[in-house]
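The next block holds one structure in the form of structure tokens; read it before the comments.
Please treat every number below as a calculation from the coordinates, not as lab data. Quick caveat: nothing in here was measured; it's all calculated off a predicted structure. Neighbour counts run over all protein chains shown; Cβ positions are idealised from the backbone, glycine included.
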Amino acid sequence: MSVFAIMGVAWFAFPEKGIGMGSITLRFPTYAEARTVEANMDIDSVLDNVEKSYEMNISGDMLDSLEFFKTYLTMNPNRITLPDDDYTYFDALFAALEKAETDTNVCRIMHYGDSQIELDRISSVLRQTLQEYFGGSGPSMIPAVQRIPSISVVQRASGGLTQYNVYGDSTTHRVSHKRYGVMTQMSQTAGESNVSFSTTSHSHSFEKVKEISQVAVLVGHNSEGFTVSLSSNNTLVGKQSLKADEGLNLIRWKLPENAKRGTITMKGNAEVYAVLLDGSNGVAVDNVPLRGCSGTVFTRINEAVMKESFKLLNTKMIILQFGGNRMPSISSVKAIPKYMEELENQIAYFRRVAPDATLLFIGPADMGKSSEGKIKTWTNLPALNDSLKAMALNNKVAYWDMFRVMGGEGSMAQWVKHNPPLAGPDYIHFTHSGAQKMGSALSKSLMTYYDFYKMREKLSAEEVYEFFHKDDKGEEGTGNQHLYNKYYFGK
């Protein structure tokens, strides 16, 4: 009773704005705040609505289908937003994916992101979905030396391997020639070194990643007589020797049976850019997490190496998922335009080094932090998200608004409270369950565009164009891109 009495006095006597003590402010909730019941967002309802937004009632009527896709492309808040609402934006990608289904040349999708995609989260869901549709298997591309574990493969490295990274803390090794390669890191091998891998038993892994029927190593600047051999399931598959070469070489082995474990042994000097663990055809989705990165480091990588690598690897899509790590340094919306300029430089860079790749930018998730005793969205995060969307669309890059899909402002706190938790107690990162929800939503949005691509094969381009523009009144496009320009360079 004494404690409640003291609290009662504090409710009425404590200053509403708190008591300042140097850089610290002591606050006590007011009586009104204590009586306020916080409105909780129903995350299950949000996610259920996201799922339903991708569903099309199959009636067999072509006009009904066209109406669904028109509404989806222009109004669905959970869609991948296309620049100028150009519904042909993914056509080249889909054609490449279909070709890969029967071709021996694997079609690659590079997924670059911050720590939100570590452990192969989100990427693994997209990979599984696309491999189910278009064929393919395996955990895809991995570095020779893995700093961050993955749910999709187990790997180890030994011997004379020195790792160099384009991004990291003060302990990171860097090189002046900047030949880091497509995984933003490179391992220099000298003497003899080994890279071993095995299939995973992780509870959140998918089955397709355990089917490895093709292995490759991407190397460059190798010495004379540099040799690479592969053993799979304790049996030697093959050995290759290279002449001295300052360019790149992609050394491949097709396996007689799926590898449960394997070891790549290298002798001599070379730069090792990546190890590829794939199927014999189909799709590969490569997960490249950059912890703490805001997505502005790619222009530090040698363009010639990147361009040759993307061509050798048959890379047809590049996904950039960034924004959250820049949030703490954005004290006001005035700091946003500078970041947009930096990202525009990265997009221009990828257009130069991967001219055949379709680009997709994924914005940040909601991020929560404590403010006046409550977990709230970072103040400028909605403005940053809108700016990223404007930047991407104005640079002819598709954008997926993860912030809105997960529920928008205040949603992260509810994802943490969800049972089971869909996000961690740092109010920044998804749990495995939450990441799979996001990966599923992303996959379904992309595959909805594929469904439309397949439907358009039954119609002439003129019929589809006339239907989509039948209500136009002279405007350019039907999208709402102009709504986001208020934060984009002050427009």
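Go through 11-17, 80-86, 137-143 and give me the packing order, highest mean Cβ count within 10 Å leading. Mind dumping the intermediate values first?
Values: 11-17: 11.1, 80-86: 18.6, 137-143: 26.7.
My ranking of the peptides, most packed first, is 137-143, 80-86, 11-17.
Sort out for me the Cα centre separation of the stretch 347-386 from the stretch 183-247, rounded to whole Å.
Spelled out, the Cα-based centre of one part sits 34 Å from the other.
Can you tell me the FRET efficiency between residue 67 and residue 417 if r is taken as the Cβ-Cβ distance and R0 is 30 Å, rounded to the nearest 0.05?
On the way: r = 38 Å, r/R0 = 1.27.
For residue 67 and residue 417, the calculated efficiency is 0.20.
Taking 0.36 nm per residue of separation and subtracting the Cα-Cα distance, what length does fully extending residue 463 through residue 44 add?
Here the answer is 146.9 nm.
Can you list the residues of the stretch 66-93 with backbone N under 20 Å from a point 7 Å past the Cα of residue 471, pointing along Cα to Cβ?
Backbone N within reach: 66-88.
Given the peptides 144-152, 280-288, 97-105, arrange them by the average over their residues of other C-beta atoms within 10 Å, most packed first. Working shown, then result.
Details: 144-152: 19.7, 280-288: 23.9, 97-105: 15.4.
Order by mean packing, descending: 280-288, 144-152, 97-105.
Between residue 148 and residue 28, what FRET efficiency comes out of the Förster formula 1/(1 + (r/R0)^6) with R0 = 51 Å and r the beta carbon distance, rounded to 0.05? List each step's numbers first, then the result.
Working: r = 43 Å, r/R0 = 0.84.
Given R0 = 51 Å and the Cβ-Cβ separation, E is 0.75.
Label residue 258 and residue 370 with points 7 Å out from Cα along Cα→Cβ: what is the distance between them in nm?
Between residue 258 and residue 370, the label points sit 4.8 nm apart.
Can you figure out the FRET efficiency of residue 349 with residue 177, using R₀ = 22 Å and their beta-carbon distance, to the nearest 0.05? Mind dumping the intermediate values first?
Numbers: r = 17 Å, r/R0 = 0.79.
About 0.80, to the nearest 0.05.
Pop a pseudo-label 7 angstrom from the Cα along the beta-carbon direction at both residue 341 and residue 169 and give the gap in nm to one decimal.
With each label placed 7 Å out from Cα toward Cβ, I get 3.1 nm.
Using the number of other C-beta atoms within 10 angstrom as an exposure proxy, rank 177, 418 with the fewest first. Before the final figure, lay out each step's value.
Values: 177 11, 418 19.
Least to most surrounded, the residues fall as 177, 418.
Residue 13 to residue 132: extension gain in nm, 0.36 nm per residue of separation minus the Cα-Cα distance?
On the way: separation 119, 0.36 × 119 = 42.84 nm, distance 6.42 nm.
Residue separation times 0.36 nm, minus the Cα-Cα distance, leaves 36.4 nm.
Fewest to most neighbouring Cβ within 10 Å: what's the order for 107, 293? Display every interim value, and only then the final one.
Working: 107 27, 293 21.
Lowest to highest Cβ neighbour count: 293, 107.
Among 156, 108, 404, which comes first, then next, by fewest other beta-carbon atoms within 10 Å? All intermediate terms of the calculation are to be shown ahead of the outcome.
Working: 156 12, 108 26, 404 19.
In increasing order of surrounding Cβ atoms, one gets 156, 404, 108.
To the nearest Å, what is the center-to-center distance of the stretch 49-122 and the stretch 325-346, using C-alpha atoms only?
With the stretch 49-122 and the stretch 325-346 each reduced to a Cα centre, they are spaced 28 Å.
How big is D, in µm² s⁻¹, for the chain by Stokes-Einstein at 4 °C and 1.567 mPa s if Rh is the Kirkwood radius over C-alpha pairs? The partial results should precede the final answer.
Numbers: Rh = 24.6 Å.
In µm²/s, the coefficient rounds to 53.
Per residue of the chain, what 222 nm ellipticity follows from adding -39500 (n - 2.57) for every DSSP H run with n ≥ 4, rounded to the nearest 500?
After summing the helix terms and dividing by residue count, I get -9500 deg cm²/dmol.
Just to be sure I understand the model, the point goes 7 Å from the Cα along the line to the Cβ. What's the resulting residue 223 to residue 3 distance in nm?
Result for the modelled spin labels: 7.1 nm.
Order of 231-241, 420-430 by packing, highest average Cβ count within 10 Å first? Could you put the intermediate results ahead of the total?
Numbers: 231-241: 14.4, 420-430: 17.5.
In descending order of packing, they fall as 420-430, 231-241.
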